[in-house]
2 protein chains.
Amino acid sequence: MNAYLDYQAAKPVDPRVFDAMKPYFIEEFGNPSSLHLYGYNATKKLEESRQKIAEFINAPSPDNIIFTAGATESNNLAIIGGALRNKRKGNHIIISEIEHISILNIGKYLERQGFKVSRLSVDQYGRINLNKLERLINDKTILISISTASNEIGTLQPIEEIAEIAQKHKVWFHSDAVATQSSVPIDVQKVPFDLLTLSSNEIYGPRGIGALYLKKGVRVNPIIIGGGQEKGMRSGSENMPGIVGFAKAAEIMKAEINTEAARLKKLRDKLIEGILKIPKSYLNGHPEERTPHNANFRFDYIEGESLLLALKDENVEVATGSACSSKTLEPSHTLISCGLLHEEAHGSLLLTLGRFSEEKDVDKIIEVLPEVVRKLRVLSPLTPPKFLEQIKKEVN
Amino acid sequence: MNAYLDYQAAKPVDPRVFDAMKPYFIEEFGNPSSLHLYGYNATKKLEESRQKIAEFINAPSPDNIIFTAGATESNNLAIIGGALRNKRKGNHIIISEIEHISILNIGKYLERQGFKVSRLSVDQYGRINLNKLERLINDKTILISISTASNEIGTLQPIEEIAEIAQKHKVWFHSDAVATQSSVPIDVQKVPFDLLTLSSNEIYGPRGIGALYLKKGVRVNPIIIGGGQEKGMRSGSENMPGIVGFAKAAEIMKAEINTEAARLKKLRDKLIEGILKIPKSYLNGHPEERTPHNANFRFDYIEGESLLLALKDENVEVATGSACSSKTLEPSHTLISCGLLHEEAHGSLLLTLGRFSEEKDVDKIIEVLPEVVRKLRVLSPLTPPKFLEQIKKEVN
C-alpha cells in the first residue's frame, strides 16, 4: 500500500457517503421537476440535503444554499455572477495574489470585461494585511474575494476581520472555503460572509458537486441558463446522487470535524518535526496559523519535481507546487508571492493529510525523505562544494 | 410496482454502468492533474472515456469531446460560448420555437447581450421548414441551434438538410441531441454538426455529467473559468466516476441502440394503437417521423394535470406538458407552436418509454386510461351535453 499524502488534490469518497448515495442511481432516480411519486421523493430528498449543507456551515436557512457542479463553478457564479449583478454600483473587485487559479483567472476574465481587479499582496507567511485591504477599497468596490486559507501553504486568513471591513464599507465578501472545509469549522452566522464556496469532494463527498452559500438578500446573475432550477441561479436537472452524497459528507464532517482536526494536527506536527530535521529544510506558510492537515516544505538545492518522482519510487504519493496544477512547470504563484526566489519555490513539497491518513504514512515519509533529499543533492549542480562533501560522507 | 412512463424526465442508471463507476468513488479516486500514480491512472481513464464518447457518435477523435456537468451546461457552452467566440463575424442566431427551455432562455439572454435571435416556427407536426430556415440566414448569422428532435412531441427534425444549409452558408450548426440519444444512432461524420450536446443520464448514465462535441477547428469561449481543464473550455476538477459511467453508458448504447430502438418502437406503436381507441383522443407530433420511445396524446375536454394525478392513483407515472417543467402551469410552448389551442395543449399527456419498460407497463396504461379519461370527462364542465350523456351511459 502506497503512502498517500496528497489529500488536497483528491480525496476518496467516504464509504458511508457512498452507501448513502447508492439508492439514488438506480432505484430512486426521480427528477425533482416531475409531479409523480418519483419526482416527489426526489424533491423531498433535495430539500433535506440542502438543509444538511446549511447546517454544516450554520446557515440560517436551506434557502441560503445553491447546488453547483463544484467549487470552480461556485467561484465563477459568486464572482462573475456577483460582479455582473452589481455592475451598476461599481466595477472594482479585490482578490489576493494567492487565490486558487480559478479565482486568479476569473480576475483576468473580468478585467477583459471592463472591471478593475486589485490583487492584494501577502506577507512571508501568506497572510494578507488588513490595513492594505482597507486602503484598496474605494467607492467603486463591489466585491472582495479572499479564501479562508491557502490550499497550498495552508495559511489561514483573518476572515472575521475581513468580513468586518467588508461590512463596514458595504462591499460583498466572498470566500472560497475549500482549503478549510475538512479541518476548520465554518459558522456563517459568526463570520458574516456574503458568499461562500463549498466543495463536496473536499469533505469526502463525490466529485462533480458543490454549493454556493448566499447570505439572505444576496443574489447573483446565473452563468448557466435554462430551466430555472436553484432559484434561477443555476439551471440543469439536479444531480441527485451527488447532492445526497454531498449532504451525507457534510453531516459526517459536522459531527467529526473537531476530533478529526485534532488528530490531523498531531500527525501534521509529527510530520513537520520529523522533516525539519533534514539539513537546510524549511516550512512554507505560517508556523501556527495554518490548516491542521497541511505541511509545505522547501529544501535547498533541489527541485520539487525530482523529489516527487523519487518519492514515487518509494511508494509515497505527494504533490509539488499547487495541488491542482502540478503538471505545469511554473513555480507556485503562492510561494513567489510569499517572497521566495524561483529556485526556492521550485524546491517545494506539498504534503496534505486526510481522514484516512495513518501514523504509518507519516512515519514512512519521515523515514525515506532524508535519504531521497540527500541523493538528489549529491546529484544537483546547485549544491555548494563544501555542503556536497559533507553529505557525501553521510552515505557511508 | 408502478408503471413508469416518464423516461424523458429521468432515467435510472443502468446497473452495468453503476458497476463500472463504483471503483472510482473510493479506490481509484485520483485527480488527473496529479503527477503521481493515482493521477496517472485517472488521466488514462479520462482519455479512454473520452474515446468511448467519441466512438458513440462516430467522432473522428477524442479531441472532439469536452466533458461538462450536463446537457444544459453543454447548450450554454455551445450557444453562448459559440456566440461570443464569433461576435466579430456577426450577431444573429437562429433557433426554433420548440427548443428545450434551456435554449429558449439562452436566446433571451443573448438578446439582452445585443445579439439578434430568430425563432423558426414549425408545422402542425413540429417540423421546421427548410426554406424558411434558409430565408432567415443573413450575412450576420453565426449559429443555428435546432435539436435533433423534440423531447416533448418526439418529432424528428431534418438534421441532414439543416447541416447542409448551414455548411452552404458557412454558419455553425449546433444541435441538442438529448431527445434522440437513447433511440436514434448519431453519426457526426454523416451529419456534419459543428457542435452537438450530449447528456449522460439520457443514455442511462449518471446525472451531473454531459459532453459537448466540437468539430475539428471549432472552439467556443468558456463559461466556467479556472484551472484550464478540457482544453481551457471547461475548468474544474474532472468528475471521474461520472465520466467513467457516462463512457460505459455510451459503450452499451452504441452496442444495443438498434435492437433497443426496434423494441421500443413496437411498444410505442402498441401504446398509440391502444390509446387512440379512446374517443376524441389524438396523437401530438409527427405520426411517422418521431423518436421510437415517445408518444404524446391529447384528449378533448380534460386537463393533463388531472390526468396525471388520476393516473398516479392507479400507480401509473406519467408527465404532462414538457418533461422538464411539469411543475409550471403554463401549457407546453411546443404544442402551442404546433397550432394547438391553449385548452388542447392543456389536455396533453406525455408518455416516454425506455430500456426497462416492459409490455406490462404499456398494457397497464391501456387498461386503466379509458376509464380515467371517461371519469374526468363526466366531471368536466367542458364536455358537451350530448357527449356527456353518451359517456355516462358507458358506466353501467
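The values are calculated or read from the model by the stated rules, or taken from the named source; none is laboratory data. Given the structure is predicted, the values throughout are model-derived calculations rather than measurements. Note that we place each Cβ from the backbone using ideal geometry, even for glycine, and neighbour counts take in every protein chain shown.
If residue A:306 satisfies all but one of (1) crowded, with 19+ Cβ neighbours inside 10 Å; (2) under 30 Å from residue A:372 (Cα atoms); (3) within 14 Å of another protein chain (Cβ to nearest Cβ), what's the number of the condition it fails?
For residue A:306, the exception is condition (1).
When only residues in segment B:324-344 that are surrounded by fewer than 24 Cβ atoms within 10 Å (Cβ to Cβ) and among the small types (Gly, Ala, Ser) count, which is modelled with the lowest pLDDT?
Looking at residues that are surrounded by fewer than 24 Cβ atoms within 10 Å (Cβ to Cβ) and among the small types (Gly, Ala, Ser), I get B:325.
Which one of the conditions (1) within 14 Å of another protein chain (Cβ to nearest Cβ); (2) touching a helix residue (DSSP H, G or I) at 6+ places or on another chain (Cβ under 8 Å); (3) under 30 Å from residue A:29 (Cβ atoms) does residue A:232 fail to meet, given that it meets all the rest?
For residue A:232, the failing item is (2).
Can you tell me which of (1) under 18 Å from residue A:72 (Cα atoms); (2) out of contact with any Lys or Arg (no Cβ under 9 Å at 6 or more places or on another chain) is the one residue A:272 doesn't meet?
(1)
Here's the yes/no breakdown for (1) within 30 Å of residue B:349 (Cβ to Cβ); (2) over 15 Å from the mean Cα position of the chain (by Cα); (3) not aromatic (Phe, Trp, Tyr):
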residue: B:85; (1), (2), (3): no, yes, yes
residue: B:100; (1), (2), (3): yes, no, yes
residue: B:109; (1), (2), (3): no, yes, no
residue: B:120; (1), (2), (3): yes, yes, yes
residue: B:123; (1), (2), (3): yes, yes, yes
residue: B:128; (1), (2), (3): yes, yes, yes
residue: B:137; (1), (2), (3): no, yes, yes
residue: B:147; (1), (2), (3): yes, no, yes
residue: B:165; (1), (2), (3): no, yes, yes
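This table checks each residue for (1) within 21 Å of residue B:100 (Cα to Cα); (2) at pLDDT below 95; (3) surrounded by fewer than 24 Cβ atoms within 10 Å (Cβ to Cβ); (4) not small (Gly, Ala, Ser).
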{"position": "B:170", "(1), (2), (3), (4)": "no, no, yes, yes"}
{"position": "B:182", "(1), (2), (3), (4)": "yes, no, no, no"}
{"position": "B:204", "(1), (2), (3), (4)": "yes, no, no, yes"}
{"position": "B:210", "(1), (2), (3), (4)": "yes, no, no, no"}
{"position": "B:214", "(1), (2), (3), (4)": "yes, no, no, yes"}
{"position": "B:219", "(1), (2), (3), (4)": "no, no, yes, yes"}
{"position": "B:246", "(1), (2), (3), (4)": "no, no, no, yes"}
{"position": "B:254", "(1), (2), (3), (4)": "no, no, yes, yes"}
{"position": "B:263", "(1), (2), (3), (4)": "no, no, yes, yes"}
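Would you check if residue A:27 is assigned by TED's automatic domain parsing to the domain that holds residue A:211 and without any contact (Cβ under 8 Å) to a residue 12 or more places away in the chain? Show your work before the answer.
Values: assigned by TED's automatic domain parsing to the domain that holds residue A:211: yes; without any contact (Cβ under 8 Å) to a residue 12 or more places away in the chain: yes.
Yes: the conditions hold for residue A:27.
Please identify the pairs in which a residue from segment B:230-249 that is among the basic types (Lys, Arg) has its Cβ atom under 6 Å from the Cβ atom of a residue that is in a helix (DSSP H, G or I), counting only partners at least 6 apart or on another chain.
B:248/B:17; B:248/B:20
Within segment B:178-208, how many residues turn out to be touching a Pro at 6+ places or on another chain (Cβ under 9 Å) and hydrophobic (A, V, I, L, M, F, W, C)?
2
If you check residue A:387 against the conditions, is it touching a residue at least 24 places away in the same chain (Cβ under 8 Å) and part of a helix (DSSP H, G or I)?
Yes, satisfied.
What number of residues in segment A:10-45 are modelled with pLDDT of 90 or more, facing chain B (nearest Cβ under 7 Å) and in contact with a Gly (Cβ under 9 Å, 6 or more places away or on another chain)?
Residues in segment A:10-45 being modelled with pLDDT of 90 or more, facing chain B (nearest Cβ under 7 Å) and in contact with a Gly (Cβ under 9 Å, 6 or more places away or on another chain): 6 in total.
Look at segment A:80-118 and say how many of its residues are in contact (Cβ under 8 Å) with a residue 60 or more places away in the chain, of a type in the set (A, V, I, L, M) and surrounded by fewer than 24 Cβ atoms within 10 Å (Cβ to Cβ).
Residues flagged as in contact (Cβ under 8 Å) with a residue 60 or more places away in the chain, of a type in the set (A, V, I, L, M) and surrounded by fewer than 24 Cβ atoms within 10 Å (Cβ to Cβ) within segment A:80-118 amount to 4.
Scan segment A:167-181 residue by residue and report those that are over 22 Å from residue B:226 (Cα atoms) and touching a Leu at 6+ places or on another chain (Cβ under 9 Å). I'd like the intermediate steps shown before the answer.
As a first pass, look at segment A:167-181 and keep what is over 22 Å from residue B:226 (Cα atoms): A:167-171.
Within segment A:167-181, A:171 is the sole residue that qualifies.
Could you grab me the full set of residues in segment B:206-227 that are facing another protein chain (nearest Cβ under 10 Å), more than 18 Å from residue A:224 (Cα to Cα) and small (Gly, Ala, Ser)?
Looking only at segment B:206-227, we keep the residues that are facing another protein chain (nearest Cβ under 10 Å), and these are B:206-210, B:221-227.
Add one more test, that the residue is more than 18 Å from residue A:224 (Cα to Cα), and what stays is B:206, B:227.
Scanning segment B:206-227 gives a single hit, B:227.
Under 6 Å between Cβ atoms, at least 6 apart or on separate chains: pull out the pairs that start in segment B:358-371 with a residue that is assigned by TED's automatic domain parsing to the domain that holds residue B:279 and end on any residue that is modelled with pLDDT of 95 or more and assigned to a helix (DSSP H, G or I).
B:362/B:267; B:362/B:270; B:362/B:271; B:366/B:274
Please go through (1) within 17 Å of residue B:281 (Cα to Cα); (2) at pLDDT 95 or above; (3) hydroxyl-bearing (Ser, Thr, Tyr) for residue B:352 and return the number of the only condition it doesn't satisfy.
Only one criterion is unmet by residue B:352, namely (1).
Suppose we filter segment A:27-45 for residues that are out of contact with any Ser or Thr (no Cβ under 9 Å at 6 or more places or on another chain) and in a loop (DSSP other than H, G, I, E, B); how many remain?
Here is the first cut: in segment A:27-45, the ones out of contact with any Ser or Thr (no Cβ under 9 Å at 6 or more places or on another chain) are A:27-29, A:37-38, A:41, A:44-45.
Then keep just the ones that are in a loop (DSSP other than H, G, I, E, B); that gives A:27-29.
The qualifying residues number 3.
Can you confirm whether segment A:120-138 contains a residue that is over 15 Å from residue A:333 (Cα atoms), within 14 Å of another protein chain (Cβ to nearest Cβ) and touching a residue at least 24 places away in the same chain (Cβ under 8 Å)?
no
Tell me the residue from B:152, B:111, B:97 that is within 14 Å of chain A (Cβ to nearest Cβ) and under 29 Å from residue B:294 (Cα atoms), please. First the steps, then the outcome.
Working: B:111 fails: under 29 Å from residue B:294 (Cα atoms); B:97 fails: within 14 Å of chain A (Cβ to nearest Cβ).
Unique residue meeting the criteria: B:152.
State whether the residues of segment B:11-25 include one that is surrounded by 21 or more Cβ atoms within 10 Å (Cβ to Cβ) and touching a Leu at 6+ places or on another chain (Cβ under 8 Å).
Checked segment B:11-25: no residue is surrounded by 21 or more Cβ atoms within 10 Å (Cβ to Cβ) and touching a Leu at 6+ places or on another chain (Cβ under 8 Å).
Would you be able to tell me the number of residues in segment A:46-79 that are within 14 Å of chain B (Cβ to nearest Cβ), crowded, with 23+ Cβ neighbours inside 10 Å and in a helix (DSSP H, G or I)?
10
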